[in-house]
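S.K.: Starting off with a structure, shown below.
The values are calculated or read from the model by the stated rules, or taken from the named source; none is laboratory data. The model shown is predicted, which means the values in this text are computed figures rather than measured ones. Every residue, glycine among them, receives a Cβ derived from its backbone with ideal geometry; neighbour counts consider all protein chains shown. With ligands, DNA and RNA removed, areas are computed over all heavy atoms of the protein, side chains included. Shrake-Rupley method; radii C 1.70, N 1.55, O 1.52, S 1.80 Å.
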Amino acid sequence: MLTIQFIRDNRDIILERLEIKNFKQPGLIDTIISTDDNRRSLQVKTNELQAELNRLSKEIGMLFKKGEKEKGNEVREQTTGLKKELESLEKELQEATLKLNELLVLVPNIPHPSVPPGKSEADNRLIREGGTMPDLHQGALPHWDLGDRYNLIDFDLGVKITGAGFPVYRGKGAQLQRALIAWFLDENTTAGYEEILPPLLVNEASGFGTGQLPDKEGQMYHVTGDNLYLIPTAEVPVTNIYRDVIMKAEELPVKNTAYTPCFRREAGSYGKDVRGLNRVHQFDKVEIVQIQHPENSYDALEEMVKHVEQLVIRLGLPYRIVQLCGGDLGFTSALTYDFEVYAAAQKKWLEVSSVSNFESYQANRLKLRFRETGEKRPMLTHTLNGSALALPRILAAILENNQTPEGIRVPEVLHKYMRSGSEIIN
RNA sequence: GGAGAGAUGCCGGAGUGGUCGAACGGGGCGGUCUCGAAAACCGUUGUGCUCUUCGGGGCACCGAGGGUUCGAAUCCCUCUCUCUCCGCCA
């Protein structure tokens, strides 16, 4: 969330910038400011009263120590009225603070100046594209049929043991999956990211820290018995490592990568795009996360984009990078680049990575700060993350694009992770 | 799952009703000494909110939330977590 100080200092700019995100609620911003005004005046009154009460209490202590009981009791009587007053003030203050926080989380992050206006993905800006479109043979199949034919992915079995959207990978399909994970992790590590293997279940505080709670609660699987949530992305446990942390400036940047399965309920998203691996409830993803000095976060974003681009290129997939327009940009993001790869049999662009700079929006929620050497006050860091990469759609594109009448060619970079003889799936 | 112990600052650890934001030790930072370093010595060392004449002042925070009290790190209640032993278990 944005800091209250920032909102107070930049009311007009924020309103103007948020229009890009199609967010037009001047009323909300003004309510926030007046709520804060109220909170502040209550704070002052409460503090004054507390100071007075503290003073009297000390006096009572002294008087009793000196043996002046009567005088002590006299002063004690003065406190009763003050206490009552203080009690109601404290309650008001608490309510105002609570209300302020509820309102603050309703304000989205302000978009970067480069974000194009727009309502939907149709207005996203194409940054660049690469790779070559495959020329498929007659009778080429979409990946769900290929998965079936070569016994790689069994969707029906997943329905049997869990439900729709929980595919079972088997044989060379499972191997390919494992190869992709290993290769992504190795590449990310080579690029300087520390590998993390985090828990797949997180508590409420972590859900709140990265913004899934309270607003996107319905998107996560909730383990009610222990009040834990299955992670929708590794971003949640990994970023929460740094919740309530104050780092030294020289410890920045932090670069982490993590493979995890991801669990998403995807409530309400049924339709034509959900076929096969295009949208599932459980999938594997390798994530990259950076915690950066504010001055360097946009350089880091570019670096992350280049890194992800290399992965896609080396897998030999046709791809394009788009910058999300205001309307498509996530609530917490300032700038997001999406990577899409082309799945040639179903003739569709599939989103496989989303690389974002959250600036200090997420850090403020997390209370993730750093201190410049010699500085007294800690400052919020910037946080960034991206997929590098999400597996199912990559797998779908590989299967579809690399199919030949003789079988499916496994990209060369994955060969060393496959059992020998598995370079071609037939 | 059963029994017990505990949760204090960057770390260790004291503190069981009043001047305790917190002894002492370690670490960090600054300084003296030194060609430099070590040692020794001196100083300093949390976060948030808030007011400010920008010197500084006030308030809150000792796992979390309530309560008792003029006054709570300290007493009471609830919750969470950690550790030890037993049981179970990959």
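S.K.: Where residues in region A:184-224 are acidic (Asp, Glu) and within 21 Å of A:Ile394 (Cβ to Cβ), which of them is least open to solvent (accessible area, probe 1.4 Å)?
M.R.: Of region A:184-224, the ones acidic (Asp, Glu) are A:186-187, A:194-195, A:204, A:215, A:217.
Add one more test, that the residue is within 21 Å of A:Ile394 (Cβ to Cβ), and what stays is A:186-187, A:195.
Working: A:Asp186: 69, A:Glu187: 41, A:Glu195: 101 Å².
The residue in question is A:Glu187.
S.K.: If I filter region A:57-78 for residues that are under 30 Å from A:Leu213 (Cα atoms) and of a type in the set (S, T, N, Q), do I get at least one hit? Give the derivation first.
M.R.: Looking only at region A:57-78, we keep the residues that are under 30 Å from A:Leu213 (Cα atoms), and these are none.
Among the residues of region A:57-78, not one is under 30 Å from A:Leu213 (Cα atoms) and of a type in the set (S, T, N, Q), which makes the answer no.
S.K.: While we're here: Is it the case that region A:166-179 has a residue that's closer than 30 Å to A:Thr332 by Cα, in a helix (DSSP H, G or I) and polar (S, T, N, Q)? Let's see the steps before the verdict.
M.R.: Pass one, region A:166-179, residues closer than 30 Å to A:Thr332 by Cα: A:166.
Now drop any that are not in a helix (DSSP H, G or I), which leaves none.
The answer is no; no qualifying residue exists.
S.K.: Answer yes if at least one residue in region A:34-56 is away from RNA strand B (no atom under 11 Å from the Cβ), within 40 Å of the chain's Cα centre (by Cα) and open to solvent by less than 40 Å² (accessible area, probe 1.4 Å), and no otherwise.
M.R.: For region A:34-56, residues away from RNA strand B (no atom under 11 Å from the Cβ), within 40 Å of the chain's Cα centre (by Cα) and open to solvent by less than 40 Å² (accessible area, probe 1.4 Å): present.
S.K.: Taking the criterion of being crowded, with 16+ Cβ neighbours inside 10 Å and near RNA strand B (Cβ under 6 Å from one of its atoms), would at least one residue in region A:57-70 satisfy it?
M.R.: yes
S.K.: Could you check, for region A:106-116, whether at least one of its residues is in contact with a Phe, Trp or Tyr (Cβ under 7 Å, 6 or more places away or on another chain), on the phi < 0 side of the Ramachandran plot and away from RNA strand B (no atom under 11 Å from the Cβ)?
M.R.: First, pick out the residues of region A:106-116 that are in contact with a Phe, Trp or Tyr (Cβ under 7 Å, 6 or more places away or on another chain): A:108-109.
Then drop every residue that is not on the phi < 0 side of the Ramachandran plot, which leaves A:108-109.
Next cut, away from RNA strand B (no atom under 11 Å from the Cβ) only: A:108-109.
Taking every residue of region A:106-116 in turn, at least one turns out to be in contact with a Phe, Trp or Tyr (Cβ under 7 Å, 6 or more places away or on another chain), on the phi < 0 side of the Ramachandran plot and away from RNA strand B (no atom under 11 Å from the Cβ).
S.K.: What's the number of the condition A:Leu106 fails, among (1) part of a helix (DSSP H, G or I); (2) under 26 Å from A:Glu266 (Cα atoms)?
M.R.: So A:Leu106 meets the others, but not (1).
S.K.: In addition: Taking A:Leu389 and the conditions (1) within 16 Å of RNA strand B (Cβ to nearest atom); (2) touching a residue at least 40 places away in the same chain (Cβ under 8 Å); (3) of a type outside the set (Asp, Glu), which numbered condition does it fall short on, given that it satisfies the others?
M.R.: Tallying (1) within 16 Å of RNA strand B (Cβ to nearest atom); (2) touching a residue at least 40 places away in the same chain (Cβ under 8 Å); (3) of a type outside the set (Asp, Glu), A:Leu389 fails exactly one: (1).
S.K.: What about A:Leu329, is it within 16 Å of RNA strand B (Cβ to nearest atom) and under 22 Å from the mean Cα position of the chain (by Cα)?
M.R.: So A:Leu329 does not fit the description; no.
S.K.: Still on this structure: Which residue pairs have Cβ atoms under 9 Å apart, sit 6 or more places apart or on different chains, and have a first residue in region A:52-68 that is among the basic types (Lys, Arg) and a second that is open to solvent by less than 50 Å² (accessible area, probe 1.4 Å) and part of a helix (DSSP H, G or I)?
M.R.: Cβ pairs passing all conditions: A:Lys66/A:Gly72.
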